[in-house]
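Presented below is the structure to which this report refers.
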Amino acid sequence: MQDDTLRYIEHLQRKLSTPGMEPMYDHARFRRIMLEDDGQREARRAASLSLGEHLSDEVFEQYARGIREFVPKTAYDTFTSNAIFAPIVSEVEQALHDMGRKLAHPVRMLTSPDASPSPASQPSTDEHYLFIGEGTSRFCNYWGKVFSQCLADASFDAQGRRIAADDMKPFFEKHPSIAANAIELALHYAFFGNLLHYGVLQQSPEHFGFRMELVHAMEVFIVGHEYGHFLLQEYRDALPDQPDEDVRHADEHWCDGVGLEVCRHWGARAGSWFAFSGAAPLIFFRATSMCENARSRLNADSARLDMNDSHPPTALRLEFLRGLIPTRIHPDQTDSVTGYCGEVEVVGDALEQVVAGAIRLAGGDNPVDEEPGAQV
Ligand SMILES: [Zn+2]
């Protein structure tokens, strides 16, 4: 990479960076902690968290070799964000190819040093930049744990009927830690604006595969949405750089449509029902909505600072997505897709009630005038 390009990328990353996260970008330190100081215990723990509980020596060695051989391209480049998102970027590009939507210019994936869940894209006329990192992956991972456990264990009653949100009360009574986790995540977000340093959220090993499938599908949607921005840039080279608010909001909806279409194509190829059905983006927005609601009610000043008029409120994006989910699928699949997304909504409603109750208890009843929009 040329020095000028490098300097420009670092400048963009610096603008995105969240203060206080500097040690995260020190690869020498990361490598020492993971592979040297702790006799590889940290690395083994991290690898088993991301690759599976029953990690073979061979798979672990491959992971450790990745850390040893990783060379950051900029001061903010991290091994972890590359390891997580480089494969997802390839999968999204394959899905776009299947959809017949090819970008004229290449995409360079770079670590986002922003702790918030939002990636950032910088489309340009010769090379597009996608900034994405652990702020996004941890948000998906934490909420993926909560939703996957509810969907795995509580979506049907003993007679196999779908249950309503109120009927989930006995489930939360039986599994109080799940309700507590949802509340804690929303409250953490309310005060920090991200979930980067939330800490350990326990989940039983038998849910690992299901949760990873969900997290993966959420990340495919998020990256697919950002590719939507690159496509838009290429489709409208001749249009003004600063479209008005209506156009910007319409663009976000359009990019959500691209994200869903990417999920459909990738999900069909990879056998991911979370992606194919649209449940993964639905869960992402429902989680975002709970977090934003908590922040606006408990930390209104910070919520006002988060506001960004380039993005429609999350409630509108949810409505738009709900309208899209039953479309562009074979009629034979409509019932199963809408049925499954209906279960996700039941779980989302139940979690939302639990979180809203906790916010009321915490004295949060003064939302800011307008809900801030997710900035994905
Ligand atoms: Zn966007």
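The values are calculated or read from the model by the stated rules, or taken from the named source; none is laboratory data. What you see is a predicted model; the values in this text were computed from it and never measured. Positions of Cβ are generated from backbone atoms using ideal geometry, with glycine treated the same way; all protein chains shown enter the neighbour counts.
Assorted remarks:
- Complete set of residues in region 64-93 that are surrounded by fewer than 20 Cβ atoms within 10 Å (Cβ to Cβ), of a type in the set (D, E, K, R) and not in a loop (DSSP other than H, G, I, E, B): Arg65, Arg68, Glu69, Glu93
- Listed conditions (1) farther than 22 Å from Val215 by Cβ; (2) over 24 Å from the mean Cα position of the chain (by Cα) are all met by Pro23, apart from (2).
- Considering His225, His207, His229, His249, the condition of being of a type outside the set (A, V, I, L, M, F, W, C), part of a helix (DSSP H, G or I), at pLDDT 85 or above and within 19 Å of Gly348 (Cα to Cα) is satisfied by His207 alone.
- Test result for Arg304, more than 16 Å from the ligand (Cβ to nearest atom), within 26 Å of Met109 (Cα to Cα) and charged (D, E, K, R): no
- Wholly enclosed helices (runs of 4 or more DSSP H) of region 256-357 bearing at least 3 residues touching a residue at least 60 places away in the same chain (Cβ under 8 Å) and in contact with a strand residue (DSSP E or B) (Cβ under 8 Å, 6 or more places away or on another chain): none
- Verdict on Asn194 being surrounded by 12 or more Cβ atoms within 10 Å (Cβ to Cβ) and farther than 21 Å from Arg360 by Cβ: yes
Per-residue answers, yes or no, for (1) within 12 Å of the ligand (Cβ to nearest atom); (2) over 13 Å from the mean Cα position of the chain (by Cα); (3) surrounded by fewer than 24 Cβ atoms within 10 Å (Cβ to Cβ); (4) outside the structural domain of Glu345 (by TED's automatic domain parsing):
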position: Val215; (1), (2), (3), (4): no, no, no, no
position: His225; (1), (2), (3), (4): yes, no, no, no
position: Glu234; (1), (2), (3), (4): no, yes, yes, no
position: Asp244; (1), (2), (3), (4): no, yes, yes, no
position: Gly257; (1), (2), (3), (4): yes, yes, yes, no
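- Selection count, region 259-285, where residues are in contact with a Phe, Trp or Tyr (Cβ under 8 Å, 6 or more places away or on another chain) and either outside the structural domain of Ala315 (by TED's automatic domain parsing) or more than 16 Å from the ligand (Cβ to nearest atom) (or both): 10
- You will find that of Met109, Met34, Met21, the residue that is within 17 Å of Ile132 (Cα to Cα) and at pLDDT below 90 is Met21 and no other.
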